[in-house]
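The values are calculated or read from the model by the stated rules, or taken from the named source; none is laboratory data. In this text, all values refer to a predicted model and were calculated from it rather than measured experimentally. Positions of Cβ are backbone-derived with ideal geometry, glycine not excepted, and every protein chain shown enters the neighbour counts.
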Amino acid sequence: MAWIAAAAPALRTAAPFISAGTSLIAGRQASAAGEYNKAVANRNATALMQEAEAIEKQKQFDLARFDQQFTRLQGETKTLILTSGAELSGSGLNVMRYNAEQSVLEKDILTYNSKVEQSKKIEEANFARMQGEIAKQKAKSTELGYYAQAGQSLLRTL
């Protein structure tokens, strides 16, 4: 027990430095955690942007497939009109024109829906980046708090 009494003054002298060192380490860890969280958020944003690009590619594919199907439909319609003995005028022509008008409308709907989905993904990506920046700023604030604690510990020794 005598050694404890003998070591007490040294421990009291070292305590502020130990506390300051611990605070500095905690500050570095807070900073590292903030950088990690920001990196995760940026990775999520990148994945969301890739989803937006995939939506655009899917739209292009869907439009090309739709054009093929429409061309086939118009060909079948024309064949049916001509094989029925009717001429390609009057109501037969009206049917083909109506099909063409519906085709444009359908393609516009496909394009619109694709743009809406892309916009959602881009907004989600932007939000993920903002969350990453907020996490980094919170960590920076925590880091500064730990550094202030370290400074206070050292000032108490004076």
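Please specify each residue of region 114-158 satisfying the condition of being part of a helix (DSSP H, G or I), touching a residue at least 24 places away in the same chain (Cβ under 8 Å), of a type outside the set (A, V, I, L, M, F, W, C) and over 28 Å from residue 39 (Cα atoms). Correct list: 114, 151, 153. Considering 52, 86, 45, 64, the condition of being under 30 Å from residue 146 (Cβ atoms) and either surrounded by 11 or more Cβ atoms within 10 Å (Cβ to Cβ) or within 30 Å of the chain's Cα centre (by Cα) (or both) is satisfied by 45 alone. Among what's in region 25-66 and is among the charged types (D, E, K, R) and touching a residue at least 24 places away in the same chain (Cβ under 8 Å), pick the residue that is nearest to residue 120 (Cα to Cα). Result: 51.
Report every pair of residues separated by at least 6 positions or lying on different chains whose Cβ atoms are under 7 Å apart, first residue within region 74-99 and part of a helix (DSSP H, G or I), second modelled with pLDDT under 85 and surrounded by fewer than 14 Cβ atoms within 10 Å (Cβ to Cβ). So the pair list comes out as 78/88; 81/88; 82/88; 92/86. Residues in region 101-144 that are surrounded by fewer than 14 Cβ atoms within 10 Å (Cβ to Cβ), over 30 Å from residue 59 (Cα atoms) and of a type in the set (Gly, Ala, Ser): 141 alone. Which of the following residues is closer than 30 Å to residue 43 by Cβ and at pLDDT 95 or above: 104, 116? Answer to the check: 116.
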